[in-house]
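Enquirer: Take a look at the following structure, please.
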Amino acid sequence: MQQIQVLNNLTAGQSDKVPKALLSVNQYTDWSLPQYNSLLTFVPSQAPQYASLLATYKANQAANVTSPATPVPSVTSIDWVASGVAWPTAYDQFTCGGGYAFAAVGALQAAYEQKYSSAKHLSVTQVLTCSSISGNAGCLGGNPEATFNYWKTNPAELSTTFNTTNSCSVSAANGVVETTGFEYVPINNPAAMLAKLQQGPLAVGIAASQFTFEFYSSGIISPLSCGTKINHVVLLVGMGTDSNNVPYWVIQNSFGTTWGQAGYARIFRDMTPNSVGACGINQYVIRPLI
């Protein structure tokens, strides 16, 4: 596509000291904009905990109240994929607008691996098919909170087991793990986000509508190129700094392994307090509790 080449030419002329991403033709090249946007169906949470968190943040901003600064952890690199905690192969949601489910399952699998030192491939189909009782809408949208609440009383099954039974009546024999709840990272607090990432992978909201995200191939996505209105959920699995001292987060997306760097992307890591972050990544951060 001509637009991809034009943007790559502009990027090539930028300094290596700033975040820049390369784009390429991928599976979405022939999709219309409405088709692509149908993948991005994150529904803002109605959970009272998040409403309270958001209200407090907005009130403090309006009153110009600054919360005590969160110390920035001194860690320089985190890689939950290399450590074996995060499932290594990126999911592919195909034409389903269920990114929230893939990110939630990825976060639960990682939490299970950390607690029990056992890798389990849990069923995304179970979430998409059955978690409407907690407020999700399958491929039409949802959020991790509703998914984590669903697992409180409906244990997550293995993908192989659920694909065999295809039943929303989870038996005691098939259920692998229940959640006890979930916890948020304070809104727009990248230091707290980094501290929590040290404990394990996190589900994060992200703005994924822009051309740079859709056709991302490699490099570090700039905060100037992807917006801040979150409409998709991905799994945050690491962080680091490149050879030019550009800091980044590492996300595992659910667009398959032909998107990005084998399904992964690096996004500029803005540690400024109260920053929404590149692609709005600091606004919504959550993990399951088991």
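The values are calculated or read from the model by the stated rules, or taken from the named source; none is laboratory data. What you see is a predicted model, and the numbers here were worked out from it, not measured in a lab. Cβ placement follows ideal geometry from the backbone for every residue including glycine, while neighbour counts extend to all protein chains displayed. Keep in mind that these areas ignore ligands, DNA and RNA; they rest on the heavy atoms of the full protein, side chains included. Shrake-Rupley method; radii C 1.70, N 1.55, O 1.52, S 1.80 Å.
Enquirer: Since residue 150 meets every condition but one in (1) free of Cβ contacts under 8 Å to residues at least 24 places away in the same chain; (2) open to solvent by 10 Å² or more (accessible area, probe 1.4 Å); (3) not acidic (Asp, Glu), which condition does it not meet?
Expert: Every condition holds for residue 150 apart from (2).
Enquirer: Please specify each residue of the range 157-169 satisfying the condition of being open to solvent by less than 40 Å² (accessible area, probe 1.4 Å) and among the hydrophobic types (A, V, I, L, M, F, W, C).
Expert: Passing the criteria: only 162.
Enquirer: Checking residue 188 against (1) assigned to a loop (DSSP other than H, G, I, E, B); (2) modelled with pLDDT of 95 or more; (3) buried (at least 18 other Cβ atoms within 10 Å of the Cβ), which single condition isn't satisfied?
Expert: (2)
Enquirer: Residues of the range 20-51 being over 30 Å from residue 263 (Cα atoms) and either open to solvent by 80 Å² or more (accessible area, probe 1.4 Å) or at pLDDT 80 or above (or both), which ones?
Expert: 48, 49
Results for (1) more than 20 Å from the chain's Cα centre (by Cα); (2) assigned to a strand (DSSP E or B); (3) of a type outside the set (A, V, I, L, M); (4) over 30 Å from residue 187 (Cα atoms), shown as yes or no for each residue.
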{"position": "17", "(1), (2), (3), (4)": "yes, no, yes, no"}
{"position": "25", "(1), (2), (3), (4)": "yes, no, no, yes"}
{"position": "31", "(1), (2), (3), (4)": "yes, no, yes, yes"}
{"position": "45", "(1), (2), (3), (4)": "no, no, yes, no"}
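Enquirer: Considering only the range 215-275, give the strands (runs of 3 or more DSSP E) lying wholly within it that have at least 1 residues that are among the polar types (S, T, N, Q) and surrounded by fewer than 21 Cβ atoms within 10 Å (Cβ to Cβ).
Expert: 216-221, 232-241
The rows are residues; the columns are (1) buried (at least 20 other Cβ atoms within 10 Å of the Cβ); (2) aromatic (Phe, Trp, Tyr).
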{"site": "90", "(1), (2)": "yes, no"}
{"site": "105", "(1), (2)": "yes, no"}
{"site": "116", "(1), (2)": "no, yes"}
{"site": "119", "(1), (2)": "no, no"}
{"site": "125", "(1), (2)": "no, no"}
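Enquirer: Taking the stated definitions as given, is residue 209 open to solvent by 10 Å² or more (accessible area, probe 1.4 Å) and either at pLDDT below 95 or not in a loop (DSSP other than H, G, I, E, B) (or both)?
Expert: Spelling it out, it is not the case that residue 209 is open to solvent by 10 Å² or more (accessible area, probe 1.4 Å) and either at pLDDT below 95 or not in a loop (DSSP other than H, G, I, E, B) (or both).
Enquirer: Need pairs with beta-carbon distance below 6 Å; first residue under 14 Å from residue 217 (Cα atoms) and within the range 1-14, second surrounded by 10 or more Cβ atoms within 10 Å (Cβ to Cβ) and at pLDDT below 75; sequence gap 6+ or separate chains.
Expert: Close Cβ pairs (under 6 Å, with a partner that is surrounded by 10 or more Cβ atoms within 10 Å (Cβ to Cβ) and at pLDDT below 75) do not exist here.
Enquirer: Might you check whether a residue that is free of Cβ contacts under 8 Å to residues at least 24 places away in the same chain, of a type outside the set (A, V, I, L, M) and surrounded by 14 or more Cβ atoms within 10 Å (Cβ to Cβ) occurs anywhere in the range 61-82?
Expert: No, every residue in the range 61-82 fails to be free of Cβ contacts under 8 Å to residues at least 24 places away in the same chain, of a type outside the set (A, V, I, L, M) and surrounded by 14 or more Cβ atoms within 10 Å (Cβ to Cβ).
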